[in-house]
Amino acid sequence: MHHAVSESCPTRLARRRRALRRIGAGALLAAGLGAAPAGTAWAQSDNTGPLRLIVAYPPGGSADILARMLGQKLGQLLNRTIVVDNRAGAGGMIGLNAAAQAAPDGNTIYLCALTTQIIGTLLNKNARYDVVRDLDPVALMASAPHVLVVHPSVPARDFKEFAAWLNSRSGKVDYASGFGTLSHLEGILLGQKLNVKLNNIPYKGSSQAVTDLLSGTVSFMFDSIPSSLPLINSGKVRAMAVASTQRMPALEQLPTLVEAGIPGYDVNNWFGLFAPKGTAKPMIDAVDRAVAEVLKDKDFTAKMAQNGYTPKYGSSAELARVGASDVKRWGGVIRAANLSL
């Protein structure tokens, strides 16, 4: 009897060792048999499966185009297939919720229109998640500045004349935007800086807003450069200034609002990558480095420019700083205007 037991113990141990080898170290950690801290799966395992890239906008738009361009390049550098997951709706909140609820296992990243998302969260008191609080920054990659355009009937040839005209008609000038959008808050900020009252006329979409601008129903709006450029070139609208910290190549003769005489109006519409909270820092660093490499590709950045984006690389730390700055800026604008959804 003793002899039978002594022979079976090594047999069971051998079988257990073989089973553990088949399971692998990753499964041991997942089962809680390792001492590694939470959020290390991305860094410690050789993830080769699909990497989901959440985009809070529908297919075909400029953000979706950027995501698919980026996905192809990142996939090559990270040796993974990037799958774009469009989660459109609710002003970007559906995409934000999906990213915040995803497991921090290294299989999800989120392309965020940071400024727009921050504004939406600040306005919506019932928002479940906050991009700055509930996600980890990965890399800053672009800005998509707006241009201030006016109807040709506005008697102003440059921004100085436009500002004087607004001051002479405080409370009587209408501008187009979507309620709670960056364009809306850019108008509010302009009024605050000039100390004039401007009337926001909200639209459900930019196409409707542009239609009323072209008809003269409203006097001005802040719009994306790709959308406005054909109208500017054809003389259907007149460009006053760019809402950005730097001039745009497509409108290089047009000053920024700071250059035009509005100190502190250095608005940027930032885009960056985020990951679910708790994602391992080594993998965040890997994606960060990959984004920096992608933005060195001149063909890639040229395509970005065609879609209205200005390439702007920033590390995860820089993206965190930009996010905190935008929260402070737009939070102040929203409180001063007493806005909420």
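Couple of notes before you dig in:
- Using θ = phi - 60° and Karplus 6.51 cos²θ - 1.76 cosθ + 1.60, couplings along the range 200-210 (whole Hz; Gly, Pro as x): 7, 10, x, 10, 6, x, 5, 5, 5, 5, 5
- Segment Asp285-Leu214, extension gain: residue separation times 0.36 nm, minus the distance between their alpha carbons: 20.9 nm
- In terms of distances greater than 19 angstrom between alpha carbons, the cross-link table entries Lys277/Lys328; Lys73/Lys312; Lys73/Lys298 yield Lys277/Lys328.
- Shown is the FRET efficiency for Phe179 and Ala302, computed with R0 = 35 Å from the Cβ-Cβ distance and rounded to the nearest 0.05: 0.50.
- For the chain, the mean residue ellipticity at 222 nm estimated from helices alone is -14500 deg cm²/dmol, where every DSSP H run of n ≥ 4 contributes -39500 (n - 2.57) and the total is divided by all residues, rounded to the nearest 500.
- Our coupling estimate for the range 105-117, obtained by passing each phi through the Karplus curve with A = 6.51, B = -1.76, C = 1.60 and θ = phi - 60°, is 9, x, 10, 9, 9, 9, 8, 10, 7, 4, 4, 4, 5 Hz, Gly and Pro reported as x.
- Compactness of the chain - radius of gyration and Dmax, Cα, Å: 25.2, 106
- Placed amide H near Lys312: partners under 5 Å, 5+ positions off or other chain: Ala142, Ser143
- Taking amide hydrogens as placed 1.01 Å from N in the peptide plane, the amide H of Val83 sits under 5 Å from those of Leu51, Arg52, Leu53, each at least 5 positions away in sequence or on another chain.
- When the charge dipole of the chain is built from unit charges on Cβ atoms (+1 for Lys and Arg, -1 for Asp and Glu) and taken about the Cα centre, the candidate among Val150, Gly272, Asn199 whose Cα reaches farthest toward its positive end is Gly272.
- Taking amide H positions as modeled 1.01 Å from N, with prolines and chain starts lacking one, the residues under 5 Å from Phe179 and 5 or more places away or on another chain are Tyr203.
- If only the Cβ of Lys and Arg carry +1 and only the Cβ of Asp and Glu carry -1, the dipole of the chain around its Cα centre is close to 860 debye.
- Overall form of the range 146-251: rounded. Here a/c, set by the Cα gyration tensor axes a ≥ b ≥ c, is under 1.5.
- Rounded to the nearest Hz, the phi-derived 3J(HN,Hα) couplings of the range 178-194 under the Karplus curve 6.51 cos²θ - 1.76 cosθ + 1.60 (θ = phi - 60°) are x, 4, x, 8, 4, 4, 4, 6, 4, x, 4, 4, 4, x, 5, 5, 8, where x marks glycine and proline.
- Highest-MSF residue in the chain out of Thr211, Thr115, Thr245 [GNM, Cα springs under 10 Å]: Thr211
- Relative pair counts by distance (%), Cα atoms of the range 180-242, 5 Å bins: 3, 16, 29, 27, 17, 7, 0
- If the segment from Thr245 to Asn126 were pulled out straight at 0.36 nm per residue, it would be longer than the present Cα-Cα gap by 39.6 nm.
- Our estimate of slack between Glu293 and Lys277, defined as 0.36 nm per intervening residue step minus the Cα-Cα distance, is 3.3 nm.
- Taken about its Cα centre, the range 146-251 carries a charge dipole of about 180 debye when Lys and Arg each add +1 at the Cβ and Asp and Glu each add -1 at the Cβ.
- Antiparallel beta bridges, as assigned by DSSP with both residues in the chain, represent about 60 percent of the total such bridges.
- For the range 137-181: rounded, prolate or oblate by the Cα gyration tensor [a/c cutoff 1.5]: prolate
Every number in this text was worked out from the coordinates using simple rules, so none of it is lab data. As the structure is a prediction and not an experimental result, all values here were calculated from the model. With ideal geometry, Cβ positions are generated from the backbone for all residues, glycine too; neighbour counts draw on all protein chains shown.
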